[in-house]
Amino acid sequence: MTRGGAATAGVAAVGLLLAGCNPGGEGVRSEGSAGTTPVPKGAVHTTPSPSPTARYKKVDAVKLLKDAPKVGPDVKRSLAKPCAADEYPVDVTYASLTGGKVPDVIVNVMTCADSIGIGAYVFRRHEGSPDGYDTVYLDEQPSVYAGVSKGDLEVSKQTYAAGDKVCCPSGEDVTTYHWADGRFSRRGRPYHTDYSKTTADGATPDDGTGTEG
């Protein structure tokens with residue numbers, strides 16, 4: 001189950017929803033279970049761009065999340081069992097964000113039913129400890145999705161106005177973070193995109209009536 005999207009107002013109305021990017025980070029690799037869930041509108045897309053020189057160690061992302069002290073209990077509960085068979089709603093991307101000797105691990109957690117992002121994390125390998133990771137970034141506000149843009153961390157959050165359905169947010173906020181002095185800091189100002197509520201033929205994507213939602 002792969003894909004993601006972060007909501008501000010509106011998602012709360014449907015309860016606590018249990019939960020990209022332009023290639024540019026050198027050695028970016030994207031992993032995920034083989035699901036067919038569509039990417040929500042406006043999600044930051046990750047296009048796998050594996051480099052033959054990139055060295056990365058594939059991790060058990062679910063175990064990593066469950067063992068990480070900083071990951072919230074709601075997200076951990078959402079990973080108590082897979083969505084179907086052995087497929088968990090988790091995306092994993094390996095990319096060099098923090099200047100370490102090995103790529104960092106970007107993990108996105110989503111809801112099974114709607115692929116709404118409920119957690120975005122960056123894990124950095126401990127120097128000298130092959131299985132140890134620090135949680136150097138986290139965001140657990142739906143609907144969030146993290147990816148890579150030109151070697152920086154890019155975080156997308158879908159925004160909902162009153163009356164928006166889960167499928168159809170009103171817009172998206174995107175923020176870029178740069179690693180410096182042992183932490184991620186916001187780079188530049190976030191930018192916002194408002195989505196059109198109609199399709200090319202003038203109908204709304206929800207009911208086909210032609211009335212904007």
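Could you work out how far apart the two model spin labels at residue 191 and residue 84 are, taking each label as a point 7 Å from the Cα in the direction of the beta carbon, and quote it in nm?
In this crude spin-label approximation the distance works out to 3.6 nm.
What residues qualify as long-range amide H neighbours of residue 97, i.e. H under 5 Å apart, gap of 5 or more or another chain, H built at 1.01 Å from N?
Long-range HN contacts for residue 97: 104.
Once each part is reduced to its C-alpha centroid, what is the distance from region 173-187 to region 62-81 in angstrom?
When both Cα centres are located, 24 Å separates them.
What nm value, rounded to one decimal, do you get for the distance between residue 76 and residue 180 when each label is placed 7 Å out toward the C-beta?
With each label point 7 Å from Cα toward Cβ, the separation is 3.5 nm.
Residue 150 to residue 135: extension gain in nm, 0.36 nm per residue of separation minus the Cα-Cα distance?
3.3 nm
Residue by residue, what Karplus-based ³J(HN,Hα) values in Hz, rounded to whole numbers, does region 144-158 have, using 6.51, -1.76 and 1.60 with θ = phi - 60° and x for Gly and Pro?
Whole-Hz 3J(HN,Hα) from phi for region 144-158: 10, 8, 10, x, 10, 9, 6, x, 10, 7, 10, 10, 10, 10, 6.
Residues with amide H under 5 Å of residue 187's amide H, sequence separation 5 or more or different chain, H placed in the peptide plane at 1.01 Å from N; which?
Residues meeting the criterion, in which the H sits 1.01 Å from N, are 176, 177, 178.
What is the set of long-range amide H partners of residue 88 at a cut-off below 5 Å, with H atoms built 1.01 Å from backbone N?
When sequence neighbours closer than 5 places are left aside, the close amide H contacts are 83.
Order of 139-152, 178-191, 95-108 by packing, highest average Cβ count within 10 Å first?
139-152, 95-108, 178-191
Accessible area of region 53-125 with a 1.4 Å probe: how many percent of it is carbon plus sulfur?
C and S fraction of accessible area: 52 percent.
Once phi is turned into ³J(HN,Hα) by the Karplus curve 6.51 cos²θ - 1.76 cosθ + 1.60 with θ = phi - 60°, what whole-Hz value does each residue of region 171-182 show in order, with x for glycine and proline?
x, 8, 10, 10, 10, 10, 10, 10, 7, 7, 6, x
The values are calculated or read from the model by the stated rules, or taken from the named source; none is laboratory data. Nothing here was measured: the structure is a model prediction, and the numbers come from that model. So basically every Cβ, Gly included, is an ideal-geometry build from the backbone, and we count neighbours across all protein chains shown. Calculation scope for accessible area: heavy atoms of the full protein, side chains included, ligands and nucleic acids excluded. Shrake-Rupley method; radii C 1.70, N 1.55, O 1.52, S 1.80 Å.
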